[in-house]
């Protein structure tokens, strides 16, 4: 229900997102360009190291761009996932002054964490799409599948983020722990490498990772230009819904205690 | 009260620490304590986090990418070899990434009180050294479990980390000063430091890099300490004294130049804070 409530605060939310963008890039020489340079630099480094030094073999290496696109598809979408969780983790702890105000609608904090992350992601992902158009590797019709894929990813991250952010108010260890687990997760998901290079025993474990089918879906669409395997997305979809329910439940039950604890 | 100016003599970088030891130690202790306040496991995280990161990286680079070291026949010591590199990298990255925003975070000291602003970069450095000491402990313990009792040359480890600390301080003074005038520096340093993790021989031996690019590795301030730390702690060899000596001289020069730059520019800080 409080999702509908958010509609009432839409003006406040829009203003807050704009302010955040302005504040971040005000007084900076390159302004918004930083939102792009940061992930692009990392992708360039991964591309050099993993194709030249560690020599990752891709199954679909039909062109020199294939590995770079594989990297972008994974690193950028992972960026959205990680950023939502990262911001949600500290949303209550860092905004204690707002949470303590009686009139402040607390549901706006998770909404802002998600919106700000989506804005950042939209900027960089549209640049990536333009790049695909320019080199003539835009996937065409299957690109419609990006919407449900991003939806699953964002819902999953939001649910987890809200649950962790609420827990972090009561146990500060959660933040430390979550950051380490995110690192684990990044490397245990086929983002940098294709699933096929994993040894068989580990590949079976990796199949349980709900992000694996989502990432493979992104790579199918963006690298292969095919529709994703819809049946494989049922599992991450269900997990995402469960996480969203968990996050909403935790937040609703403990919303009142958050202000006391802070 | 007047702030003592460290001057321009070659010993100035050391004096900034020696003169203000009690102050720096107090600030650093406060920072380390603040990090773990209100958490159940407290300081245990200082041990747990590096161990967990080591597990991830050994899995990814040892199992998934099957990186191999030419110096060793089997992969048993791979985690230790990796960790020696990570200890150096974390020490560098902790102080370097904090530097650009350091003075602004401590704006009170610049504006109001008589305070030797040039000591501020020492605070994250001490906290980084504290973590490096823990890391070194884990490294020696890991070497013992996976390979065998630590060699005598392990005692030389501080001799390798201290020049790196000096080099890092020089860089931190420059970053701290420029960061006051150029806000973008925080972004640039963030990218540079994450890139350096992969562009230094931490996850792979230098021999794995194609010949044409190998010389670029020498530009990383981490390459010499990483390789020498591996030599003394993991392989039980004497360090390459020429490389270490040259590196220490370079570190001293960088520290001196960094501090001089900081002292020259710090007059303008109060205006931009």
Completion exercise
Subset of segment B:11-24, residues under 12 Å from residue B:118 (Cα atoms) and either within 14 Å of chain A (Cβ to nearest Cβ) or in a loop (DSSP other than H, G, I, E, B) (or both), comes to B:20
Practice task
Scan segment B:49-67 and give yes if some residue there is at pLDDT below 80, more than 13 Å from chain A (Cβ to nearest Cβ), surrounded by fewer than 17 Cβ atoms within 10 Å (Cβ to Cβ) and farther than 30 Å from residue B:268 by Cβ, otherwise no.
Solution key: no
Handout entry: 1 or more residues in contact with a helix residue (DSSP H, G or I) (Cβ under 7 Å, 6 or more places away or on another chain), modelled with pLDDT of 90 or more and more than 30 Å from residue B:151 (Cβ to Cβ): qualifying helices (runs of 4 or more DSSP H) within segment B:161-273
Key = B:185-199, B:241-265
Handout entry: Those helices (runs of 4 or more DSSP H) lying entirely in segment A:156-262 with at least 2 residues touching a residue at least 60 places away in the same chain (Cβ under 8 Å)
Key = A:173-188, A:211-219, A:234-261
Completion exercise
Apart from one, (1) modelled with pLDDT of 80 or more; (2) within 14 Å of chain A (Cβ to nearest Cβ) all hold for residue B:102; the odd one out is (2)
Practice task
For residue B:70, state whether it is modelled with pLDDT of 85 or more, out of contact with any strand residue (DSSP E or B) (no Cβ under 6 Å at 6 or more places or on another chain) and either under 25 Å from residue A:46 (Cα atoms) or within 14 Å of chain A (Cβ to nearest Cβ) (or both).
Solution key: no
Exercise for the section: Please enumerate the residues belonging to segment B:193-227 that are within 12 Å of chain A (Cβ to nearest Cβ) and over 18 Å from the mean Cα position of the chain (by Cα). Expected result: B:204, B:205, B:206, B:207, B:208, B:209, B:210, B:211, B:212, B:213, B:214, B:216
Exercise for the section: Have a look at A:174, A:162 and point out the one that is in contact with a helix residue (DSSP H, G or I) (Cβ under 6 Å, 6 or more places away or on another chain) and at pLDDT below 90. Expected result: A:174
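When you scan segment A:124-143, how many residues do you find that are under 23 Å from residue A:33 (Cβ atoms), over 21 Å from the mean Cα position of the chain (by Cα) and part of a helix (DSSP H, G or I)?
Total meeting the criteria: 2.
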Practice task
Taking only segment B:25-45 into account, find how many residues are facing chain A (nearest Cβ under 10 Å) and either in a helix (DSSP H, G or I) or within 18 Å of the chain's Cα centre (by Cα) (or both).
Solution key: 4
Handout entry: Residue among A:178, A:167, A:154, A:163 that alone is within 14 Å of chain B (Cβ to nearest Cβ) and closer than 14 Å to residue A:84 by Cα
Key = A:178
Handout entry: Set A:63, A:51: member being at pLDDT below 80 and outside any helix (DSSP H, G or I)
Key = A:63
Problem - Matching residues, segment B:162-192, being surrounded by fewer than 20 Cβ atoms within 10 Å (Cβ to Cβ) and within 11 Å of the chain's Cα centre (by Cα) - result: B:162
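Pick from A:40, A:4, A:29: which is under 19 Å from the mean Cα position of the chain (by Cα) and either at pLDDT below 80 or under 30 Å from residue A:193 (Cα atoms) (or both)?
Only one candidate passes the filter, namely A:40.
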Practice task
Exactly one condition in (1) part of a helix (DSSP H, G or I); (2) farther than 22 Å from residue B:82 by Cα is not met by residue B:114; state its number.
Solution key: (1)
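The values are calculated or read from the model by the stated rules, or taken from the named source; none is laboratory data. Please read all numbers here as calculations on a predicted model, not as lab measurements. Counting neighbours? That spans all protein chains shown, and the Cβs are built from the backbone with ideal geometry, glycine included.
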